[in-house]
Amino acid sequence: MFGDVINSILHNTVFIKYGLVGLFFNGMFSSFIPIPTEATISALLLGGVNPVDVFLVLTISSIIGGYIAYYIGYNGRLLKKLKKTPEKYQQKSVGIMSKYGWATVIFFSPWIPIIGDVVSIVAGTKKYSIVKYTITMTTGKTVKAVAIVFLSYNFINWLSSILH
């Protein structure tokens, strides 16, 4: 059963065809569109791609995506052109940021589904300090990338040892 799942991920032509470039775009877009990167990371690691390369591509692309999301919020005209985020998610994001502080929320936002994707846009809308945003967003996305790649790599190795 697990072998079938692993084979279906490993032999998915999208992952094989685009590789690290696909991860780059996945990581970048996942900063403002809820697209999980975990499947791409797992497929690349299962395919034998170097975990350090996966980490670097994921980190760089996520940080670039964070800046794009901030800019979308900062430039209100872009936000109006894009499909507007549901008001309830914007209100939840602002409420959480007000309660726990902007820096804390931006640091943890990569881990929060949907609301976390909105946080960077809201930070741009509220004209949050770009220096503070850079420090917290970069640190948060780097920590998340380390955790995801490390855990995925070790889980895949553990699963391989069980299956063999």
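The values are calculated or read from the model by the stated rules, or taken from the named source; none is laboratory data. Keep in mind the model is a prediction, meaning the values are calculated, not measured. Note that each Cβ is placed from the backbone with ideal geometry, even for glycine, and that neighbours are counted across all protein chains shown.
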(request) Quick one: count up the residues across the stretch 27-56 that are on the phi > 0 side of the Ramachandran plot and assigned to a helix (DSSP H, G or I). (result) 0
(request) Filter the stretch 36-53 down to the residues that are buried (at least 16 other Cβ atoms within 10 Å of the Cβ) and over 13 Å from the mean Cα position of the chain (by Cα), then identify the one that is nearest to TRP111 (Cα to Cα). (result) SER42
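For every residue, the table says whether it meets (1) surrounded by 18 or more Cβ atoms within 10 Å (Cβ to Cβ); (2) at pLDDT 90 or above; (3) under 18 Å from the mean Cα position of the chain (by Cα).
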residue: ILE33; (1), (2), (3): no, no, yes
residue: LEU58; (1), (2), (3): yes, yes, yes
residue: ASN75; (1), (2), (3): no, no, no
residue: LYS83; (1), (2), (3): no, no, no
residue: ALA103; (1), (2), (3): yes, no, yes
(request) Could you check how many residues of the stretch 115-135 are at pLDDT below 90, under 16 Å from SER62 (Cβ atoms) and among the polar types (S, T, N, Q)? (result) 1
(message) Of all residues being more than 15 Å from THR125 (Cα to Cα) and in a helix (DSSP H, G or I) in the stretch 85-101, which is modelled with the lowest pLDDT? Just the residue, please.
(response) LYS88
